[in-house]
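Please read the structure below before turning to the comments.
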Amino acid sequence: MGEQPIYSTRAHVFQIDPNTKKNWVPTSKHAVTVSYFYDSTRNVYRIISLDGSKAIINSTITPNMTFTKTSQKFGQWADSRANTVYGLGFSSENHLLKFAEKFAEFKEAARLAKEKSQEKMELTSTPSQESATGDVQAPLTPESINGTDDERATPDATPNSEPRPEPSQNALPFSHSAAINKHWEAELAALKGNNAKLTAALLESTANVKQWKQQLAAYQEEAERLHKRVTELECVSGQTNVIKSHKTELNQTIEELESTLKAKEKELEKLKEEVENANQLQAQRDSLTEKLQETETRNKDLESQLTELEKRLESSQLEQETFRRNLKSLLEILDGKIFELTELRDNLAKLIEGS
């Protein structure tokens with residue numbers, strides 16, 4: 001039957017930077033289809049993803065692989081055969097959990113398939129080993145060396161023949177002894193060859209284990225760094241909310257101060273008019289002068305407050321500009337997500353129309 005897709009989803013595909021082993025490099029400009037395939041002829045599970053005609057993921061699932069969820073919408077796994085780490089960014093946490101569930105399911109199936117294949121190999125190799133052992137350990141008897149009793153029986157002596165001495169039954173013919181020595185030498189050479197092959201395989205396995213341990217340590221270090229980065233981003237998000245609330249409070253304070261300033265300006269104009277009209281009333285003029293002095297003092301206070309508020313407003317505008325930039329980047333990310341959702345909706349609509 002060949003390979004057949006058994007589960008598919010859509011995600012953004014990333015690979016670890018081969019130079020730094022820390023940064024993620026996107027391998028697709030937009031979300032692509034990521035599928036699990038099963039090869040019934042070889043009993044193998046694979047993860048495959050295509051971006052057009054280019055294969056950006058071709059990873060065979062082995063029992064040693066582990067799919068790690070590093071955030072609510074991002075997961076990764078290491079492929080030692082491809083010498084890389086794959087990362088997938090999903091549109092929702094449910095898609096990530098479903099993919100991780102399938103990964104664990106197919107990983108267990110790969111483990112069971114590997115155990116069954118090892119059992120078959122052991123069953124097929126056991127009879128040959130037993131037969132070889134039986135051939136080597138077969139006891140040497142006088143019958144097997146010198147032949148059977150019928151073969152050892154001498155032909156009837158003719159009247160003219162002279163009597164021949166019977167050979168000793170414990171004596172080994174020279175030719176038979178040389179053949180046995182050659183047999184044992186061949187067996188010894190075969191055992192030495194097998195021993196050398198097993199030693200080489202053991203050394204190679206030890207080297208692979210060391211390499212896998214180093215890769216695992218690097219992946220764990222990368223996972224810890226990503227967790228710290230996520231924590232920092234969450235802290236930044238919390239600070240953004242605080243900045244929003246602080247900005248709202250500042251805007252309210254500025255509006256209140258502006259209204260107060262307008263009221264004071266109106267009051268000052270009124271007092272000036274009263275001073276101009278109070279030339280005939282000295283007492284009123286004195287009182288108005290005192291009020292004017294008080295107003296000027298308050299005006300100075302207000303000017304100092306206004307200067308301070310202008311400084312605060314300038315710093316607030318800088319913070320607002322920074323916030324706008326951050327908000328713009330968030331909007332760009334949101335536009336990408338909306339595009340992905342629109343693309344997903346179009347694909348679902350096409351699937352519905354096709355069905």
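The values are calculated or read from the model by the stated rules, or taken from the named source; none is laboratory data. Everything numeric in this text was worked out from a predicted model, so none of it was measured. With ideal geometry, Cβ positions are generated from the backbone for all residues, glycine too; neighbour counts draw on all protein chains shown. Heads up: the accessible areas ignore ligands, DNA and RNA and are worked out on the full protein's heavy atoms, side chains in. Shrake-Rupley method; radii C 1.70, N 1.55, O 1.52, S 1.80 Å.
Numbers below:
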item	result
Region 300-355: number of residues that are in contact (Cβ under 8 Å) with a residue 60 or more places away in the chain, over 25 Å from residue 29 (Cα atoms) and open to solvent by 80 Å² or more (accessible area, probe 1.4 Å)	2
Residues located in region 49-59, provided they are open to solvent by 30 Å² or more (accessible area, probe 1.4 Å) and closer than 14 Å to residue 5 by Cα	50, 58
Tabulated pairs, region 247-275, first in contact (Cβ under 8 Å) with a residue 12 or more places away in the chain, second open to solvent by 60 Å² or more (accessible area, probe 1.4 Å) and not in a helix (DSSP H, G or I), C-beta under 8 angstrom, 6+ apart or interchain	none
Residue count for region 286-299, restricted to those that are without any contact (Cβ under 8 Å) to a residue 24 or more places away in the chain and either closer than 19 Å to residue 254 by Cβ or surrounded by 11 or more Cβ atoms within 10 Å (Cβ to Cβ) (or both)	8
Condition check for residue 79: open to solvent by 10 Å² or more (accessible area, probe 1.4 Å) and among the acidic types (Asp, Glu)	no
Members of region 25-34 found to be assigned to a strand (DSSP E or B) and surrounded by 17 or more Cβ atoms within 10 Å (Cβ to Cβ), listed by number	32, 34
